[in-house]
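A short write-up of the structure that comes next.
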Amino acid sequence: MTDKELEIRHIDHSLYNDDLAPIKKANRSWGWFEIFNVWSNDIQSLFGYTLAASLFISYGLNGWAVMAAIILAGFVVMVLVNLTGKPSVKYGVPFPVMIRSSMGVRGANFPAMLRAIIGIFWYGVQTYFASTAVALLITALFGDPGGSWLGMSAVGWVSFVIVWCFQMALFWQGIDKIKHFLNWAGPMVYVVMIALMIIVWLQAGSELLPAVSTIFSGSSEYEGSSVTAFLAITGTMIAYFAAVVINFGDFSRFVRSEREMKLGNLLGLPLNVAFFSFIALIITAGTLALFGETLTNPSDIIERVDSLPLTIIAAITFFAATVGINLVANFIPPAYDLANLFPGKISFRIGGLITALVAFFVGALWVSVISQIGIAGFVNALGAIVAPFYGIIVVDYYLVKRQRLNIQDMFTADPDGAYYYLKGWNKRAIGAFALAALFSISSVWVPALEALGGYAWLIGAALGGLFYYLLMRGHGTATKGARLAE
């Protein structure tokens, strides 16, 4: 589309503000490197490393098979985000606007707010985890004076406030500053991880390769079959990226072309995940050779290596990486989602401020209260519930609307608008979501379905798309102007 076609001619302030409006192609500055670093910061966090390392030792599967499963997951996620990213590259709008096409101009607030609740919760939790890296740095330099309140030490509280303020200050400077931060943080994590790998390799010496062989030989600790283990690993990695998969349009709208988006996804997902997992494997094997046990937490490894310069550099880098994933997966999406709720009153910045304020209390109470009452299970259930929206978005754009949308009607509450449906809600999309969500929630809460593991998200997404397609047959057209018949 041309920049002229992306101009919204009739502005309805209940659906429009400058942050939600289509970004003209002339104003897009992201290329493949920025998209690559979205994924770099997503996987290269403290939790991302721990997940990758633990997969090699948790399922009793040969290490080569584990690597294959992880790489396969990277390819699957790449395909998924190429599908959700393409329409936002074309039309320049974020996730909560794009989903108006399927859910209705008012109904879009439903999935957007579910996504916002999930993002805000995990933003607070990740802020706490990022603060542990800062606490490691402060303790290494100045020691720990002791004391504790609500489950955190004095150093822990200072670190938490520092991280919260840093993230807020970075966000307030705008998306360009966030882009520069991500471009710096992603490569720096690799530098530190490679340095840690070399140090562990040198200290382990000739014992490293036998340790690698031990891990690569597999074991019999996992009770399921090899196929089940392979699928579980693949599903776990896909589920790890699921938070960004649905709202990838929040980032692809800044990209200059679809080609650059796809190149960034190729480098940032299967290739990046494979290389990062290889580093995790070598370091994990090194810890087995050096300490007689497999350590999967980078903080524990750095503490055992006992090198002050490495501790300082690693603490700063892990802090940056965890902040990076927090901004990508848990901060920017809720900011857009909240802006979509009341566009005339809530901007992207105000949405981010609300996100940060609520998340402060989530993070501050994580250790003493929230982690103890099982609320994480409730939020995980919400995460499973939003899976059908992925299928609905993809099927709507590619099969129902045939890749043609009326950008003007995305921003109008006119009853004759293509996406007004019934009082702004598409009842068929709600029905498709409800049917698929029954499976999604069951996969979390019904013990008999626990065996599905992480790939329950994929099934929920597929069911959402299938039910939506069946319900919309005969009720959607891809005619000129993308008008729909209710």
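The values are calculated or read from the model by the stated rules, or taken from the named source; none is laboratory data. Here the structure is a predicted model, which is why all the values come from computation and not from measurement. Cβ sites come from the backbone with ideal geometry, for glycine too, and all protein chains shown count toward neighbours. Each accessible area value is taken on the protein alone, full model and side chains, heavy atoms only, with ligands, DNA and RNA left out. Shrake-Rupley method; radii C 1.70, N 1.55, O 1.52, S 1.80 Å.
Annotations for the structure displayed:
- Count of region 311-359 residues which are of a type in the set (Ser, Thr, Tyr), modelled with pLDDT of 85 or more and part of a helix (DSSP H, G or I): 2
- Pairs with Cβ under 7 Å, 6+ apart, first in region 99-123 and at pLDDT 95 or above and of a type in the set (Lys, Arg), second part of a helix (DSSP H, G or I) and open to solvent by less than 10 Å² (accessible area, probe 1.4 Å): Arg100/Met410
- Listed conditions (1) open to solvent by 20 Å² or more (accessible area, probe 1.4 Å); (2) under 19 Å from Gly74 (Cα atoms); (3) touching a Ser or Thr at 6+ places or on another chain (Cβ under 9 Å) are all met by Gly268, apart from (1).
- Hey, Ala285 part of a helix (DSSP H, G or I) and at pLDDT below 80 or not: no
- Residue identified as among the hydrophobic types (A, V, I, L, M, F, W, C) and out of contact with any Gly (no Cβ under 8 Å at 6 or more places or on another chain) among Ala280, Ala339, Ala274, Ala329: Ala280
- Conditions (1) open to solvent by 10 Å² or more (accessible area, probe 1.4 Å); (2) in a helix (DSSP H, G or I): number failed by Arg106: (2)
- Filtered by the rule that a residue be over 19 Å from Phe33 (Cβ atoms), in a helix (DSSP H, G or I), open to solvent by 50 Å² or more (accessible area, probe 1.4 Å) and out of contact with any Ser or Thr (no Cβ under 9 Å at 6 or more places or on another chain), region 159-193 gives Cys165, Phe166, Ala169, Trp172.
- Selection of region 388-445 for residues being more than 16 Å from Met472 (Cα to Cα), in a helix (DSSP H, G or I), free of Cβ contacts under 8 Å to residues at least 24 places away in the same chain and open to solvent by 50 Å² or more (accessible area, probe 1.4 Å) yields only Leu438.
- In summary, Gly383 fulfils each of the numbered conditions (1) surrounded by 15 or more Cβ atoms within 10 Å (Cβ to Cβ); (2) at pLDDT 95 or above; (3) within 22 Å of the chain's Cα centre (by Cα) with the single exception of condition (2).
- Residue in region 337-359 that is open to solvent by 10 Å² or more (accessible area, probe 1.4 Å) and within 30 Å of Phe276 (Cα to Cα) present: no
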